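Worksheet: one structure, shown below.
The values are calculated or read from the model by the stated rules, or taken from the named source; none is laboratory data. These numbers come from a predicted model, not from an experiment. A quick note on method: Cβ atoms are made from the backbone with ideal geometry, for glycine too, and the neighbour counts reach across all protein chains shown.
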Amino acid sequence: MDLTAVTDFNLVARHGGFGAASRATTIAKATLSRRVRELEDSLGVRLIERGTRPLRLTEEGRALHARTEAPLGAISDALQDIQAGLQHPTGRLRISAPLLFASVSLGPLAAAFLAAFPGVLLDVTTDDGFVDLRDGEIDIVIRANPRPDDDLVGRCFLRNALVLVAAPCVQRPHDDSQPFPAVMRSGMVDSASWTIVDARDGVARQYHPRAVMRLSSPLSIRDAVLAGAGAAMVPLAIVAEDLLAGRLVEWGASSQPPVEVWVLHASRRLVNTKVSAFVNFICDYFAHSKA
């Protein structure tokens, strides 16, 4: 049975005629008449007494109208509520974010999101490891340079260049062969040299790191560099204020591709409205913050 035809029949019954229903809904009178006639043919009964004024329903028409108007109205209201939810999502949104992102950017981002979507409760856990979204425990993950995964979809919202920085008291190497004291991340592979595009003249030069310590957190590395322990390769975002204030000096930018930060969610055909709202918001937030 065509539910559209049942809906149109109820419109005609509610408004007391084809013409009145057409004026109230902008559906053509001929269309309403055709659909009601097709509904009658499919049911094998007459629903409306033709040629009577005012409009009169048959006994079958009154029964159909009484039993279907409320359920179809409830369905229509539900669809409208769901559509409205795209602009006004509510409920808990569970997010997994890496420690560095949570420490540097999450507080202001979360406050701005709350102001825009007060009905959503952000529930954020900090985790640098793998999170399986298929178990339903987490709605969204934020990760840097994530591995491709057919079960996940998302968007890159931030590209963060790697820069070689040091405190002003740390002497920059005079030539390509001179090693420099380097604060390196735990697990980072020793390299004979780093290719750095010099901040002064844009020329690519080779720098030879000599590890003086290894730390697991980029923020700890930054703090050690601020204390004069040596130079380090770190994401620009965590040292931007220190460079601007003169507490650190940029020797140059790495020739490596920038770090890409992605917001990811399960690759379902229909995405939860809270997830859609957050994905769009975080991308717009960082697009405007870079402008």
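Return the residues of region 126-171 that are within 27 Å of Ala227 (Cα to Cα), part of a loop (DSSP other than H, G, I, E, B) and modelled with pLDDT under 90; say none if nothing qualifies. Across region 126-171, the qualifying residue is only Asp128. Residues in region 263-280 that are surrounded by fewer than 18 Cβ atoms within 10 Å (Cβ to Cβ) and in contact (Cβ under 8 Å) with a residue 24 or more places away in the chain: Ser267, Asn272, Ser276. The residues of region 23-38 that are surrounded by fewer than 20 Cβ atoms within 10 Å (Cβ to Cβ) and either assigned to a helix (DSSP H, G or I) or more than 45 Å from the chain's Cα centre (by Cα) (or both), listed by number, are Arg23, Ala24, Thr25, Lys29, Ala30, Thr31, Ser33, Arg34, Arg37, Glu38. If you go through region 198-216 and keep only what is surrounded by 15 or more Cβ atoms within 10 Å (Cβ to Cβ) and in a loop (DSSP other than H, G, I, E, B), you end up with just Ala199.
The residues on offer are Leu215, Leu226, Leu219, and the sole one that is touching a helix residue (DSSP H, G or I) at 6+ places or on another chain (Cβ under 7 Å) and at pLDDT 95 or above is Leu226. For region 8-22, residues that are closer than 20 Å to Glu59 by Cα, assigned to a helix (DSSP H, G or I) and either out of contact with any Gly (no Cβ under 9 Å at 6 or more places or on another chain) or without any contact (Cβ under 8 Å) to a residue 60 or more places away in the chain (or both) total 8. Taking region 238-281, which residues are more than 20 Å from Arg172 (Cα to Cα), of a type in the set (D, E, K, R) and more than 26 Å from the chain's Cα centre (by Cα)? Within region 238-281, Glu241 is the sole residue that qualifies.
Pick from Leu106, Leu114, Leu121: which is modelled with pLDDT of 90 or more, in a strand (DSSP E or B) and of a type outside the set (Asp, Glu)? Outline the logic, then answer.
Details: Leu106 fails: in a strand (DSSP E or B); Leu114 fails: in a strand (DSSP E or B).
After applying the criteria, what remains is Leu121.
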